[in-house]
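To start, the structure under review is shown below, and the notes come after it.
No value in this document is a laboratory result; all are computed from the given coordinates. These numbers were taken from a predicted model, which means no experiment stands behind them. For neighbour counting, all protein chains shown are included, and Cβ atoms are generated from backbone atoms with ideal geometry for every residue, glycine included.
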Amino acid sequence: MNVRSMSGSTGTQALILAGGRGERLYPLTAFRPKPAIPFGGVFRIVDFTLSNCLNSKLDRVALLTQYRHEVLNDYIRQRWSELWKTGGKDSHQLVCLAPAAGRRYRGTADAVFQNLAVVDSAKPEYVLILSGDHIYEMDYRELLSRHVATNADVTIAAIEYPIADATHFGVLEVNKDFRVTGFEEKPLNPRGLPLQIHMALVSMGVYVFKRDVLIRNLVENCQSAVGYDFGHNIIPALIDSARVYAYDFRDEMKGEPRYWRDIGTIDSYHDASMDLVRPEPLFNPYRENRWHSGPTSFHNGPHVCGGAHVALSVLSPGVRIERDSSVEQSVLMPGVRVGPGARIRRAILEEGVQIPADFQVGWEIEYDRKLYTVSPKGVVVVSEMPKLSEPVLPYSLQEKTIAGFKSDMRRKVRRHAA
């Protein structure tokens, strides 16, 4: 079977898991699902998986939505419908599938189980399960080719990852042919690679299933209430009973893993955003027309006034940075305004936030914690316009206020200790 027929209308059905609430990304997910968070100025996180589907010539794609599903549904309808048609997909509409009234998805596998009617009606040979909250570039036809070449029942896209961070993912063990011999979801002590003990092979949450294998195992687990998750239930149960292979997501020319980021926390979102603005970006979605996004509600690009300083920051459409202000290592979402003389450092400013003149964010973390969400690595998230009961103080007086706040905290600590 050639690659084109595998990705064509009768070959593969793609299902994008896009229903996560994203608690660890709060407050960015207070009013939107995780895949709809702006990223890189002109994109939403889900745009990267959808672009991969479009560039891989996949004809049948559905998004499985749940939390704030109407937000993502509106975005797909308003921003992606025309792109999908012009990309040659007008014969199969891009659809969003929320749970039926009164029901909810109990896990990743259950989301697919509750939408098996889509798989039954299309009758594809393969089902491709994807995540809507990852940043990466993959031609899924290469993954499908690997799946066919090994006659696998299931193929898991996998990547080498630092072992210190592997506890957040499913960790695979493989033999020399990359057949999976062991799988553990989010282990406390991940097993390192034999020749690179500081690295582990982790699941990217991207799976290819033979259709009958997927349906049979979803029925056995979800319908029987055994379990509802791919990582915790479906995949571990298949290791000894099916042909499960790993697809090594690796750049063979460079001899290193390809770029892939899971956007699960404020820190991972900020880190991935900073990857875009390095002198030599680790990932560059602006270099060519491979990445698609819908038009924004702002028709003008970011504007930086004279005397303002901007370094290593993502500026979105409609952003305005006034004179004598400073923005460093920050993400400014669409419509943000930074007032004259304000200073912003290592921060994420939500859509439409306006920072008053002479205000500062990210310079005194203890003070910021009192007002905003601050991540473990010290990234400050300003999700609404700062509320000021008094006029903004000059820096010298702000610093005195911060010192007073610290003094108050020290007094409270001493009283508590006494």
Taking max minus min of the Cα coordinates of the chain on each principal axis, largest first, gives extents in Å of 70, 56, 50
1/(1 + (r/R0)^6) with r = Cβ-Cβ of Asn189 and Tyr286, R0 = 30 Å, i.e. FRET efficiency to nearest 0.05, evaluates to 0.15
Full extension between Glu366 and Ser121 adds, at 0.36 nm per residue less the Cα distance, a length in nm of 82.6 nm
Counting only residues 5 or more apart in sequence or on a different chain, those whose built amide H sits under 5 Å from that of Met199 are Ile163, Leu193
Counting only DSSP beta bridges fully inside the chain, the antiparallel percentage to nearest 5 is 45 percent
Under the Karplus relation with 6.51, -1.76 and 1.60 and θ = phi - 60°, whole-Hz ³J(HN,Hα) for the stretch 171-179, x at Gly and Pro, equal 10, 9, 10, 9, 8, 5, 8, 6, 6
Of the listed pairs Lys57/Lys123; Lys57/Lys254; Lys186/Lys377; Lys57/Lys85; Lys210/Lys254, those with alpha carbons more than 24 Å apart are Lys57/Lys254; Lys210/Lys254
For Glu82 and Asp271, extending 7 Å from Cα along the Cα-Cβ vector and measuring point to point gives, in nm, a value of 3.8 nm
In debye to the nearest 20, the charge dipole size for the chain, taken about the Cα centre with +1 at each Lys and Arg Cβ and -1 at each Asp and Glu Cβ, equals 740 debye
Under the 7 Å Cα-to-Cβ spin-label approximation, Val95 and Glu256 lie apart by a distance in nanometres of 4.3 nm
With label points set 7 Å from each Cα along the Cα-to-Cβ direction at His303 and Arg216, the distance between them in nm comes to 6.4 nm
